[in-house]
Amino acid sequence: MNIVVQKFGGTSVRNLECQRQVMQKVLRPYREGNKVIVVLSAMAGETNRLLGLAKEWSDNPDPAELDSMVSTGEQVSCALFAMLLKQQGVKARSVLGFQAPVETDCAFGKARIVNIDEKKLECLLNEHDVLVVAGFQGCDEQLRITTLGRGGSDTSAVALAAAIKADVCEIYTDVPGVFTTDPNMCSDARKIDRIAYDEMLEMASMGAKVLQIRSVEFAKKYNVTVHVRSTFSDELGTIVTQEDESMESVLVSGIAYDKDQARITLVSVTDTPGVSAQIFSPLADKRILVDMIVQNPSKDGKTDMTFTVPRADVDQTIRTLEELKYEIGFEELNSNLNVSKVSIIGVGMRNHSGVAARAFQSLADENINILMISTSEIKVTCLIDDKYTELAVRTLHNAFHLDGGEPLETL
Ligand code: ADP
Ligand code: ASP
Ligand code: MG
């Protein structure tokens, strides 16, 4: 049997009218004789509403109960959508994470998928033509409900596509594809026709929330082509796939930004072997993603250690490190929540120098101060004051000619 996997995000399922449009997208492959796995998000705004409720009830909600509650958004959209399909005479049913089952570890709020039983899925598909699977959720060994982190429905969809060995996973969203930067921030942004997994990984990890980073990791690992496209038009979107030569010839493919960042500084850390491990191991154990790290040169055996974490993890980071204050041996912990990251990404950068210099100069021309810098083979990231995010994104987008015309092949 041929199986098509389609995922629709929150804005695509936000009301009855939108769900009717989604239904047309689903009915097309169904009428062509395919079985369809449809992965849905919660209706737009619902996950935030549920998280807000939990905050009202508790300053520090129990993570397992939080997942149990916040996963209900997807349960509602899936059941409603299955009702629509059944009304059309389609043999369909909703499938929750624990019913598929999507097995995960027990890291509530940021669980990782460890297995999807394709045999069970095949059985369900033998009895139904369309499965409406709840994105974002799974269950751990104890059958407790887990969630996969914000934007996790993308990962659910790609993981399901990998499990059933589908060639393509279609991700339908509220923009027509992956753009050179967020089209809702920069009106000059251009749609990218094809993008390499590695570039998309950097874009996603640097804040382009059009795809959750884990979904791209899955796609790369299991060689699933991802087609990001609009729910509200028929135009072709962006193909996320393996790198080819034409991609390398473009110097910079996109600019990403992430406003959900915070900077932490540990002042006067005792500079001895093992101190970095003492700081970062406990954070890694809690799945806190530390990104940029700068250690100042040591003076009198003491150094300052500065790094960035997602803003949502700041409280936990501070709690964890304060508890270890004397073990690690630092004097003071400072945090700054008013920072954001802007990144320039492109596989073509590998073989060219000067990209970072051009980026720094164009930010300087706008009087934007750079607080921290980090680089990889295909990325340059600057931490800046978050009030300059939009200006920095537009400036870099212009500096690398991403707004149209000939893409920059060399500097
Ligand atoms: P969904 O609810 O469909 O999962 P998301 O809101 O998670 O949608 O992701 C789509 C949004 O990602 C777009 O509306 C856009 O604002 C944002 N975005 C950020 N960077 C990019 C980019 N480079 N290309 C396209 N969209 C981007
Ligand atoms: N509903 C979840 C969120 O808002 C998952 C998703 O939409 O992908 O993050
Ligand atoms: Mg999303």
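For the reader, a short list of remarks on this structure follows.
- Evaluating 6.51 cos²θ - 1.76 cosθ + 1.60 at θ = phi - 60° for every residue in the stretch 374-387, the Karplus couplings come out as 9, 9, 9, 4, 10, 7, 10, 10, 10, 8, 9, 5, 5, 5 Hz, glycine and proline recorded as x.
- Applied to the stretch 194-208, the Karplus parametrisation 6.51 cos²θ - 1.76 cosθ + 1.60 on θ = phi - 60° returns per-residue 3J(HN,Hα) values of 9, 9, 6, 3, 5, 5, 5, 4, 5, 4, 5, 6, 9, x, 6 Hz, with x for Gly and Pro.
- Test item: Cα-centred dipole of the stretch 44-152, Lys/Arg +1 and Asp/Glu -1 on Cβ, debye: 340 debye
- What the phi angles of the stretch 269-282 give under the Karplus curve with 6.51, -1.76 and 1.60, with θ = phi - 60°, is a coupling list of 7, 5, 8, 10, x, x, 5, 5, 4, 5, 7, 8, 5, x Hz, glycine and proline written as x.
- Computed over the chain with a Gaussian network model linking Cα atoms closer than 10 Å, the most mobile of Cys382, Cys106, Cys18 is Cys18.
- Alpha-carbon Rg/Rh ratio, for the stretch 335-383, with Rh computed the Kirkwood way: 1.00
- Fraction of alpha-carbon pairs over 14 Å apart in the stretch 257-315 - percent: 56 percent
- The largest accessible area among Lys86, Lys120 belongs to the first residue in Lys86, Lys120, and the rest follow in falling order (1.4 Å probe, all chains).
- Top positive-direction residue, dipole computed over the chain with Cβ charges, set Leu337, Leu27, Ala100: Leu27
- Over 23 Å [Cα-Cα, the stretch 287-406], rounded percent: 43 percent
- Shape parameters for the stretch 125-212, alpha-carbon atoms, Rg then Dmax in Å: 15.5, 49
- Projected over every direction and averaged, the convex hull enclosing the alpha-carbon atoms of the stretch 1-109 yields 7.6 nm².
- With all protein chains in place and ligands, DNA and RNA left out, the 1.4 Å accessible area ranks Ser205, Ser246, Ser153 as Ser246, Ser205, Ser153, largest first.
- Cα-based convex hull volume of the chain per residue, rounded to whole Å³: 153 Å³
- Choice from Gln278, Gln75, Gln19 showing the highest fluctuation, given a GNM over the chain with Cα pairs closer than 10 Å: Gln278
- For Phe179, nonlocal amide neighbours, meaning residues 5 or more places apart or on other chains whose placed amide H falls under 5 Å from its own, are Ile192.
- Computed from Cα positions, the angle between helix 355-365 and the longest principal axis of the chain comes to roughly 70 degrees.
- In the stretch 259-340, the GluC sites (Glu not before Pro) that fall in loop regions by DSSP, at most 15 other Cβ within 10 Å: Glu331
- Using a probe of 1.4 Å, the accessible surface attributed to Glu46 totals some 50 Å² when neighbouring protein chains are kept in position.
- DSSP beta bridges in the stretch 43-188 [antiparallel fraction, %, rounded to 5]: 55 percent
- Considering only Leu391, Asn126, Gln212, and ranking their Cα positions along the charge dipole of the chain that arises from unit charges at the beta-carbon of Lys, Arg, Asp and Glu, the one farthest toward the positive end is Asn126.
- Bridge type composition, the chain - antiparallel percent by DSSP, nearest 5: 60 percent
- Dipole magnitude for the chain: computed about the Cα centre from +1 point charges on Lys and Arg Cβ and -1 point charges on Asp and Glu Cβ, it is near 1060 debye.
- Sequence-distant residues sharing a close amide H with Val39 (under 5 Å, placed H): Gln6, Lys7, Phe8, Val133
- In Å², nearest 10: area of His128 left accessible to a 1.4 Å probe: 30 Å²
- Per-residue accessible area (protein heavy atoms, 1.4 Å probe) orders Glu202, Glu217 as Glu217, Glu202, starting from the largest.
The values are calculated or read from the model by the stated rules, or taken from the named source; none is laboratory data. Treat the numbers as computed from the prediction; the structure is a model and nothing was measured. With ideal geometry, Cβ positions are generated from the backbone for all residues, glycine too; neighbour counts draw on all protein chains shown. Heads up: the accessible areas ignore ligands, DNA and RNA and are worked out on the full protein's heavy atoms, side chains in. Shrake-Rupley method; radii C 1.70, N 1.55, O 1.52, S 1.80 Å.
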